Amino acid sequence: MKKIIQDLNYNQIEELVLSLGEKKFRAKQLYTGIMQGKNISQISDLSKAFREKLLQDYEDSAIEIEQTFYSSDGTEKYLFRLADGNLIEGVLMRYKYGNTQCISTQVGCRMGCKFCASTLGGLIRNLSSGEILSQILKVNALHGGTLQKRQVTNVVLMGSGEPFDNYTEVITFLKNVSAEGGICISPRNISLSTCGLVDKINKFCQEDIPLNLTISLHNTTDLERARTMPVANKWKISEILEACNNYFKKTGRRYIFEYSLIHGENCDKRHAEELIALLKGKPCHVNLIRLNEVKERNLAAADERAAQAFLATLTKGGLSATLRRQIGSDIGGACGQLRAGYLSGNSN
Ligand code: SAH
């Protein structure tokens, strides 16, 4: 497989340009073209001969949008094809304040959460930082966005994959996506969701990247959590809370817990009370969402009334909590519905 030019930062692009005998100012043209979501062959500021030289070692495009699915609520789901034929999915959600793109960090996932479609075929491979970044560059371009006026304003690392299971590439991506002169999305507009790899959360505290750290909790005791999340056999809830506290101490940023309401699993009154006991007084927010049902799994969503009652108990108990509405579920684009595929394998 050829290399991926979107893996390179500005300095690396400059080195590459000089090493190929081109003038330094070509680096800016190449970098800008890439950040505008263009394929190498489409960057017409550069000579054809130079583009051809680049194409000997680099893929013309890291990723292409193979298909777009449109939800009745305005959400769009994309099927992206990687240069090696693997397929990943992503979503663009429209809000009053801008457009939020949900991106993938791995093809598949090896965390094995029982409620999630992304993990059904296991982990196929990690994405490189440039493949992660290219999802945004392509969708921004698709919607007519530029580097001055972006059409993707917010990003969530909540597509397929566990971001902290692909730590190095995800950190490189986070640095490159916020770099001056590029697409320049601030970490404050980025949310990273992890199932709770405590060693990596603690490592992340040292990176000085002030994003919105989100943890998938989904239960209140280690024993019950392990029923749907195998990662609970490795890391305890108490260890997760300690790591979150470290993040707050280091960055001053509150953290968020994701809690998907699954009928008969995690949303009795007792669970709400235990959640209050665990989180009361902590600088955190709880994001509730009713489970999006995945056809291969026999887990059912909590009904709307149960979800409202759970929310009311948390709020009365002094927690900051909201119940998110489900969006994009008619196109299989809601949380936990994104899948991996290969070549023309349709994902639905
Ligand atoms: N691997 C990361 C990102 C996963 S997706 C993580 O575990 O956090 C983002 C969120 O969707 C996570 O909180 C995940 O637990 C949740 N999720 C997965 N499947 C879901 C489903 N079927 N219904 C609702 N939420 C789900």
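The values are calculated or read from the model by the stated rules, or taken from the named source; none is laboratory data. Note that the structure is predicted; figures quoted are calculated from it, not measured. Please note that ligands, DNA and RNA were not included when accessible areas were found on the heavy atoms of the full protein model with its side chains. Shrake-Rupley method; radii C 1.70, N 1.55, O 1.52, S 1.80 Å.
Here are a few things to note about the model shown:
- Debye-sum result for region 205-348 in log10 I(q)/I(0), which assumes one identical scatterer on each alpha carbon, at q = 0.13, 0.16, 0.18 Å⁻¹: -0.64, -0.93, -1.12
- For region 201-348, the share of accessible area belonging to carbon and sulfur comes to 49 percent (1.4 Å probe, ligands and nucleic acids excluded).
- Phi-derived couplings, Karplus 6.51 cos²θ - 1.76 cosθ + 1.60 at θ = phi - 60°, listed residue by residue for region 248-255: 5, 4, 6, 10, x, 9, 6, 10 Hz, with x used for Gly and Pro.
- The Rg/Rh ratio of region 1-61, with Rg taken over Cα atoms and Rh as the Kirkwood radius over Cα pairs, comes to 0.89.
- Antiparallel bridges, percent of DSSP beta bridges restricted to the chain (to nearest 5): 50
- Accessible surface area normalised per residue over region 1-61 is 55 Å², counting heavy atoms of protein chains with a 1.4 Å rolling probe.
- Fraction of accessible area attributable to carbon and sulfur, region 1-61 (%, probe 1.4 Å): 46
- Lysines whose Cα lies under 30 Å from that of LYS3, excluding same-chain neighbours fewer than 8 positions away: LYS23, LYS24, LYS28, LYS38, LYS48, LYS53, LYS77, LYS138, LYS149, LYS175, LYS200, LYS203
- Bridge type composition, region 211-328 - antiparallel percent by DSSP, nearest 5: 5
- Ignoring aspartates and glutamates fewer than eight residues from LYS316 along the same chain, the ones with Cα atoms less than 13 angstrom from its Cα are GLU273.
- Based on C-alpha pairs under 8 angstrom that are at least 6 apart in sequence, the chain has a relative contact order of 16 percent.
- Listed by chain and number, the aspartates and glutamates placed with their C-alpha closer than 17 angstrom to that of LYS250 are ASP199, GLU207, ASP208, GLU239, GLU242; residues fewer than eight positions away on the same chain are left out.
- In the chain, the C-alpha radius of gyration followed by the widest Cα-Cα span (Dmax) gives 20.8, 68 angstrom.
- When the square roots of the Cα gyration tensor eigenvalues are ordered a ≥ b ≥ c, the ratio a/c for region 1-142 is 1.5 or more and a/b exceeds b/c, which makes its shape prolate.
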